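Novice: Below is a structure I'd like to ask you about.
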Amino acid sequence: MRSSPLILMLGSDTLVPSLALESLRLHLGVDKVVVRHEKTGVQSLVLKDVVIPTDRHGRLVSTIARHGEVRRRASLSFPSYRAVDV
């Protein structure tokens, strides 16, 4: 599994979006990002009608399959391609 932070805490009371999240926000023309959270931490980020599930730290978690596993785990992963095949 890989993860990428989408929001970061700056100081004790300021949330800062990652470059990826800010780029998506601007692309969608959204004014603000809504952070859904509970006592355990962040649950998801919402941009208009786009909901991005995160872990409790505000990270996007993605599963990357090894070459050859893609067909078995297609619904759980992103396909991978060898550089020589591209």
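Novice: So how do Leu60, Leu26 line up by other beta-carbon neighbours within 10 Å, fewest first? Walk me through the intermediate numbers first.
Specialist: Working: Leu60 17, Leu26 9.
Least to most surrounded, the residues fall as Leu26, Leu60.
Novice: Just the number, please: Stokes-Einstein D of segment 1-59 in µm²/s, Kirkwood Rh from C-alpha pairs, 10 °C, 1.306 mPa s. Mind dumping the intermediate values first?
Specialist: Details: Rh = 11.8 Å.
D = 135 µm²/s.
Novice: While we're looking at this one, here's another question. Neighbour counts of other C-beta atoms within 10 Å: give me Thr54, Thr40 arranged from fewest to most.
Specialist: On the way: Thr54 22, Thr40 7.
Ranked by crowding around the Cβ, least crowded first: Thr40, Thr54.
Novice: Using the number of other C-beta atoms within 10 angstrom as an exposure proxy, rank Lys48, Lys32 with the fewest first. It would help to have the intermediate numbers written out before the result.
Specialist: On the way: Lys48 13, Lys32 9.
Neighbour counts put them in this order, fewest first: Lys32, Lys48.
Novice: So if we plug the beta-carbon distance of Ser4 and Asp85 into 1/(1 + (r/R0)^6) with R0 = 41 Å, what FRET efficiency do we get, rounded to 0.05?
Specialist: On the way: r = 25 Å, r/R0 = 0.61.
That gives a FRET efficiency of 0.95.
Novice: Around His57, which amide H atoms from residues at least 5 apart in sequence, or from another chain, sit under 5 Å from its own amide H, with H modelled in the peptide plane?
Specialist: Those qualifying (amide H under 5 Å, at least 5 residues apart or on another chain) are Val42.
Novice: What does the extension gain come out to for Val34 and Ser18, with contour length at 0.36 nm per residue minus their alpha carbon separation?
Specialist: Values: separation 16, 0.36 × 16 = 5.76 nm, distance 1.41 nm.
In short, 4.3 nm is gained.
Novice: Also: Out of residues 5 or more away from His37 or on other chains, whose amide H comes under 5 Å of its own, with H placed 1.01 Å from N in the peptide plane?
Specialist: Gln43
All of the numbers you see were taken from the coordinates with simple rules; none came from a lab. No experiment lies behind these values; they were computed from the predicted model shown. For neighbour counting, all protein chains shown are included, and Cβ atoms are generated from backbone atoms with ideal geometry for every residue, glycine included.
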